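J.: Just passing along the structure, written as structure tokens.
The values are calculated or read from the model by the stated rules, or taken from the named source; none is laboratory data. Bear in mind the structure is a predicted one, so any value in this text is a computation, not a measurement. Heads up, the Cβs are rebuilt from the backbone with ideal geometry, glycines too, and the neighbour counts pull from every protein chain shown. Areas reflect the complete protein model, heavy atoms only, side chains present, ligands, DNA and RNA absent. Shrake-Rupley method; radii C 1.70, N 1.55, O 1.52, S 1.80 Å.
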Amino acid sequence: MLISIRNILLALLLLSAAGGCATSSWIPVTEKPVELAWPGPPAVAKVRYLGEINQFKQDGVNLASIIFGKSKAGKIIQPGAVSLGSDGRLAIADLRKKGVHLYLPTSKQYLFLTRTDNNLLQTPVGLTFGPDNNLYIADSTLKKILIFDRQGKFVKSIDTAGDQPLRRPAGICFNRHNNLLYVADALLHSLLVYSRSGEFIQRVGLRGEGGENLNFPTHLAVDSKGRILITDSMNFRAQIFNPETEEWHHFGHHGNGCGDFAMPKGIGADQHGYIYVVETLFDAIQIFDCRGAYLLTIGSQGSAPGQFWMPSGLFIDHDDKLYVCDTYNQRIQIFQLLTGPADNTSNRSKEKQQ
């Protein structure tokens, strides 16, 4: 009986796997085709374009790639949320693929998380890492918070806030200042607080338009002072909640001008306190000072570098790199923030920079 070459190679592949040689390394595919900055010259740049990530690919050649070709599993299709861990690990929620891309740069390992013990992920819309690099995922369709350990193994799920079932968990962030997990539930119109292991602590906020009320909150972040930034979507504003003093502050209103909101989504703050909000309807990122005064807009509609098509989530790391989910351009765009210490930039021209 003739044995095909493919069967021989497959047998060798199985032998190499048994010997511990089947693991392949992965790298993110990055591109930086142009130099861009905002505002443009001769003004001093406050934001500089670094490039984009559109997939993760196998690095080099191994026996599996010889037989089957390099895997296309790492392609980013519809990114909706992004987060980085303390060791540089990168998580991207992919709404179309119903899973989470997880890249571990130290080991060059790539995982695609799609299931818990009992459920397949459906709509992962929020991501955050804890101090031990456990990954917390908000799945709005499953109505659960899913916790994975640093190796990508499922640990547990959270589906209640006390005696109240979760209805539509969306934004999620971990506050290292008080070691607590915060979840925005859009249909409970509240901020939910948990311990790092998932025990419910309290519910903050009720539906309404007042200063301490929320109306379909969707995205969360923590600033350098431990305050919680909230996209209060249907109130068309950003809220800032101080867990220590329980004080609230908000800025923004519905409109189509600079500093206004029509469809606000992702939110974050850099190390100097400047606040960044995704404006999905106008395909841009708006920048505000720590008091909510409008400063600058970056981006416009399109698919070129520095342009967006219905962007959604964002994340800012400790080096002030801004990661934006450019959702329908199927990529993560990366920018270096150059704001520096707070100054009188809020008094500068409020013309929109394209």
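J.: Report the residue count in region 126-163 for those that are open to solvent by 60 Å² or more (accessible area, probe 1.4 Å) and not in a loop (DSSP other than H, G, I, E, B).
T.: Qualifying residue count for the region: 2.
J.: A follow-up question, please. What are the residues in region 272-304 that are within 13 Å of I240 (Cα to Cα), in a loop (DSSP other than H, G, I, E, B) and either within 18 Å of the chain's Cα centre (by Cα) or polar (S, T, N, Q) (or both), if any?
T.: Y274
J.: Oh, and also: Taking the criterion of being at pLDDT 75 or above, in contact with a His (Cβ under 7 Å, 6 or more places away or on another chain) and aromatic (F, W, Y), would at least one residue in region 45-59 satisfy it?
T.: Looking through region 45-59, at least one residue is at pLDDT 75 or above, in contact with a His (Cβ under 7 Å, 6 or more places away or on another chain) and aromatic (F, W, Y).
J.: Could you grab me the full set of residues in region 179-195 that are over 19 Å from the mean Cα position of the chain (by Cα) and outside any strand (DSSP E or B)?
T.: The answer is N179, L187, L188, H189.
A quick yes/no check of all residues on (1) modelled with pLDDT of 95 or more; (2) surrounded by fewer than 22 Cβ atoms within 10 Å (Cβ to Cβ); (3) touching a strand residue (DSSP E or B) at 6+ places or on another chain (Cβ under 8 Å):
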residue	(1), (2), (3)
E244	yes, yes, no
H250	yes, yes, yes
G268	yes, no, yes
Y274	yes, no, yes
R291	no, yes, yes
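J.: Keeping to region 181-234, report how many residues are open to solvent by 20 Å² or more (accessible area, probe 1.4 Å), closer than 18 Å to G252 by Cα and β-branched (V, I, T).
T.: Number satisfying all stated conditions: 1.
J.: Is it the case that region 74-96 has a residue that's farther than 30 Å from L338 by Cα, at pLDDT below 95 and open to solvent by 50 Å² or more (accessible area, probe 1.4 Å)?
T.: no
J.: Shifting gears a bit: Select from region 110-125 the residues that are assigned to a loop (DSSP other than H, G, I, E, B), crowded, with 19+ Cβ neighbours inside 10 Å and at pLDDT 95 or above and list them in ascending order.
T.: The answer is L121, and nothing else.
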